[in-house]
Amino acid sequence: MLEKLKQIEKEALASLQAVGDQESLQQWKVKYLGRSSPLMKTFDALKELSKEERPVIGKYANQIKQALESTYEGISDRLRQSDLATTLQAEGLDVTLQGRPAPRGRLHPTTLTLREIYRAFAEMGFQVYRSREVETDEYNFELLNMPTHHPARDMWDTFHTTTPGVLLRTHTSPGQIHVMRQYCPEPIRVILPGMCYRYEQVSARKETQFNQVEGLAVGQDITMGDLKGTLTDFARRMFGPEVRTRFRASHFPFTEPSAEMDVECFICGGIGCAVCAGSGWLEILGCGMVHPVVLRNGGYDPHKYMGYAFGLGPERITMLRHHIQDIRYFWTNDMRFLEQF
Ligand code: DAH
């Protein structure tokens, strides 16, 4: 029996080596590994063998089967490769090959919100003005009506650089001075988006890095009515035509008077829910009439010119919209978060 198996193996391997194309390969497979091949018949015949012989022959037959199969796979692969090479040479292009899936990226949720903000203000005639992220103390504070040691500076925990007087901007407001100095005495209507940095203890509500969108309009007859109208219009473009707004008195050193604007909660429609803490309102921005000192620092005569300004946080708006509970998600690069937008 063993002899017979050895003979089968020898013959099968020899004729496999001689195979030159797919067709004869298939014929070989039927002949040597098919159901009625001598090898497979051996398995059927095992039950007729004695107890002692059966495991020895069975094991050996299995080894041969495995050896034949793996040689078969190897040759089959080789033939497929050479077939492919022949077609490629003949036709130049293999259209049957699967294409590489193109990984499709997507925009960051903050970018999506920023683009909506740009669109809403663009429709109202606001241009985008880009301003630097590394600022001087002068622009970030002093020219915005916060002299050294002014207690209002405490509102912004600041990253200072090793160069005295140079810091990472804590808000986009210093851009107001840059744009005024560049365009004075022209009228101005711009938004100033960009990254801001604060020396914060990072938590679910606070990050050291985030975006703001500042807005500034300067001209000869700009009133608080224009401020309220423009920002209410913005809220409607952003959150829906029915949404209501309200202005609450507030304080910022660079505006007088100052206010904070709330929009009617766009989650519950003003009824009161967890997102608006039951109040029906969501605070979305700070604003006010540009302080005369700031106008003058920008080059405009405050007796002739007036203006309004505002600042809002795109991450905050994104969080409110999508019920995002933790601001840290915006910077942790977790695909499970990012892929949802
Ligand atoms: N710069 C302020 C902040 O970071 C936001 C702000 C408030 C900007 C009122 C303004 C404004 O232009 O008028 O908290």
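For 168, 144, what's the largest-to-smallest order of accessible area, 1.4 Å probe?
Details: 168 45, 144 0 Å².
My answer, sorted largest first, is 168, 144.
Given N residues in segment 234-274, what is its alpha carbon radius of gyration divided by 2.2 N^0.38 Å? Please report the intermediate quantities before stating the final value.
Details: Rg = 12.5 Å, N = 41, 2.2 N^0.38 = 9.0 Å.
With N residues counted in segment 234-274, Rg over 2.2 N^0.38 Å equals 1.38.
Could you pull the Cα extents of segment 2-88 along its three principal axes, largest to smallest, in whole Å?
56, 18, 16
Tell me which residues come under 5 Å, amide H to amide H, from residue 280 once H is placed; ignore anything under 5 positions away on its chain.
Hits under the 5 Å cutoff: 272, 273.
May I ask for the net charge around residue 42, where only other residues with Cβ less than 13 Å from the Cβ of residue 42 are counted and Lys, Arg are +1 while Asp, Glu are -1? Intermediate values should be presented prior to the final figure.
Working: positive: 4, 6, 35, 41, 47, 54, 59, 65; negative: 3, 9, 44, 48, 53.
Summing Lys/Arg as +1 and Asp/Glu as -1 gives +3.
Which order do 155, 289 take by accessible area at a 1.4 Å probe, largest first?
On the way: 155 95, 289 15 Å².
Ranked list, largest accessible area first: 155, 289.
Once you measure Cβ to Cβ distances between cysteines in the chain, which Cys have no partner under 4.7 Å?
184, 196, 287
Express in Å², to the nearest 10, the accessible area of residue 143 obtained by rolling a 1.4 Å probe over the protein heavy atoms while all chains stay in place.
Probe radius 1.4 Å; accessible area of residue 143 about 20 Å².
For residue 83, tell me the accessible area in Å² from a 1.4 Å probe, rounded to the nearest 10.
70
Using a cut-off of 14 Å between beta-carbons, work out the net charge of the residues near residue 216 (Lys and Arg +1, Asp and Glu -1, residue 216 not included). Please report the intermediate quantities before stating the final value.
Details: positive: 130, 181, 189; negative: 186, 214, 226.
Neighbourhood net charge equals 0.
Residues of segment 245-333: accessible area per residue at 1.4 Å, in Å²? Please report the intermediate quantities before stating the final value.
Working: 3920 Å² over 89 residues.
Accessible surface, normalised per residue, equals 44 Å².
All other residues with a Cβ under 11 Å from the Cβ of residue 58 taken together, and with Lys, Arg as +1 and Asp, Glu as -1, what is their net charge? List each step's numbers first, then the result.
Working: positive: 47, 54, 59, 65; negative: 53.
Charge balance near residue 58 sits at +3.
Ordered by residue, what ³J(HN,Hα) values in Hz, to whole numbers, does segment 103-116 give under the Karplus form 6.51 cos²θ - 1.76 cosθ + 1.60, where θ = phi - 60° and Gly and Pro are x?
With coefficients 6.51, -1.76 and 1.60, one gets x, 9, x, 8, 8, 5, x, 5, 4, 4, 5, 4, 5, 5 Hz.
Kirkwood Rh over Cα pairs of the chain into Stokes-Einstein at 25 °C, 0.890 mPa s: D in µm²/s?
Rounded to a whole number, D works out at 93 µm²/s.
For segment 150-213, report the % of Cα-Cα distances exceeding 16 Å.
Values: 1152 of 2016 pairs.
The answer is 57 percent, as a whole percent.
Give the Rg (one decimal place) followed by the Dmax (whole number) of segment 171-268, computed from C-alpha coordinates and expressed in Å.
Every Cα atom of segment 171-268 included, Rg and Dmax give 15.5, 45 Å.
Could you work out Rg/(2.2 N^0.38 Å) for segment 251-341, with Rg from alpha carbons only?
On the way: Rg = 17.9 Å, N = 91, 2.2 N^0.38 = 12.2 Å.
Against the compact-globule rule of thumb, the ratio is 1.46.
Over the Cα atoms of segment 257-299, compute the convex hull volume and normalise it per residue, giving Å³. Show your work: numbers first, answer last.
Numbers: hull volume 3.2 nm³, N = 43.
Residue-normalised Cα hull volume stands at 74 Å³.
Given the peptides 28-35, 200-207, arrange them by the average over their residues of other C-beta atoms within 10 Å, most packed first. Don't jump to the answer; show the numbers that get you there.
Numbers: 28-35: 15.0, 200-207: 12.4.
Top to bottom by mean Cβ count within 10 Å: 28-35, 200-207.
Could you check how much of the accessible area of the chain is carbon and sulfur, as a whole percent, using a 1.4 Å probe?
Numbers: 9960 of 19390 Å².
Roughly 51 percent of what the probe reaches on the chain is carbon or sulfur.
Using only the heavy atoms of the protein chains and a 1.4 Å probe, how would 36, 279, 173 rank by accessible area, largest first? Kindly include the intermediate steps, with their values, before the conclusion.
Details: 36 90, 279 60, 173 5 Å².
If we order 36, 279, 173 from most to least accessible, we get 36, 279, 173.
Just to confirm, what accessible area per residue do you get for segment 1-124 at 1.4 Å probe, in whole Å²?
71
Would you kindly calculate the translational diffusion coefficient of segment 56-131, applying Stokes-Einstein with the Kirkwood radius from alpha carbon pairs, for 25 °C and a viscosity of 0.890 mPa s, and quote it in µm² s⁻¹ without decimals? It would help to have the intermediate numbers written out before the result.
Values: Rh = 19.3 Å.
This corresponds to a translational diffusion coefficient of 127 µm²/s.
The values are calculated or read from the model by the stated rules, or taken from the named source; none is laboratory data. Just so it is clear, the model here is predicted, and its values are computed rather than measured. Methodologically, a virtual Cβ is constructed for each residue, glycine included, from the backbone with ideal geometry; neighbour enumeration extends over all protein chains shown. The protein model used for the area step is the full one, side chains on, heavy atoms only, and it has no ligands, DNA or RNA in it. Shrake-Rupley method; radii C 1.70, N 1.55, O 1.52, S 1.80 Å.
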